[in-house]
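Engineer: Supplied in structure tokens, the structure appears directly below.
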Amino acid sequence: MKKSILLAVVFVVIAIAAVIYTTMEAGSSKYRCEVCVEFQGRTQCRTASAATEMQARRTAQENACSYISSGVTDSMQCGASQPVSVKWLAGK
């Protein structure tokens, strides 16, 4: 077998293994929350799941901010603001 074909097969196997691993790891999300953020007169709510409470809350807030802010400065300001509400949901 040619070396290039062998390398391609190894790459594909590693890529598939990585996808399976990350998919299984995502299933271990224990915390799920909905965060509502108000920024510059706009409000957005988003839900996120993660392995820790802090990760779930931060991800939900970042997702909400991505809908209502534009640019790096706005995104950072929105992310640093206090959420209007944080509602913890049943995990998974």
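Engineer: Which are the unpartnered cysteines of the chain, meaning those with no other cysteine Cβ under 4.7 Å from their Cβ?
Structural biologist: Cys with no partner Cβ under 4.7 Å: Cys33.
Engineer: Rounding to the nearest 10 and keeping the result within 0 to 90°, find how far the Cα-based axis of helix 3-26 lies from the longest principal axis of the chain.
Structural biologist: Tilt of helix 3-26: around 30 degrees.
Engineer: Would you look at the GNM of the chain, springs on alpha carbons closer than 10 Å, and say which of Ala56, Ala18, Ala48 moves the most?
Structural biologist: Comparing Ala56, Ala18, Ala48 in a Gaussian network model of the chain, the most mobile one is Ala18.
Engineer: Here's another thing I want to ask about it. Residue by residue through region 45-50, which ³J(HN,Hα) values in whole Hz follow from phi under the Karplus form 6.51 cos²θ - 1.76 cosθ + 1.60 (θ = phi - 60°), with glycine and proline marked x?
Structural biologist: Once θ is set to phi - 60°, the couplings for region 45-50 become 10, 9, 10, 8, 10, 7 Hz.
Engineer: Could you compute how much accessible surface Ile5 exposes when probed at 1.4 Å, giving the result in Å² to the nearest 10?
Structural biologist: Surface accessible to solvent at Ile5 totals approximately 90 Å².
Engineer: With runs of 4+ DSSP H residues as the only contributors, calculate the mean residue ellipticity of the chain at 222 nm using -39,500 (n - 2.57) per run, divided by the residue total and rounded to the nearest 500.
Structural biologist: It comes out at -18000 deg cm²/dmol, rounded to the nearest 500.
Engineer: Right, something else. Given N residues in the chain, what is its alpha carbon radius of gyration divided by 2.2 N^0.38 Å?
Structural biologist: Taking the Cα Rg and dividing by 2.2 N^0.38 Å, one obtains 1.54.
The values are calculated or read from the model by the stated rules, or taken from the named source; none is laboratory data. This is a predicted model, so every value here is computed, not measured. Heads up, the Cβs are rebuilt from the backbone with ideal geometry, glycines too, and the neighbour counts pull from every protein chain shown. These area figures cover heavy atoms from the full protein model, side chains too; ligands, DNA and RNA do not enter into them. Shrake-Rupley method; radii C 1.70, N 1.55, O 1.52, S 1.80 Å.
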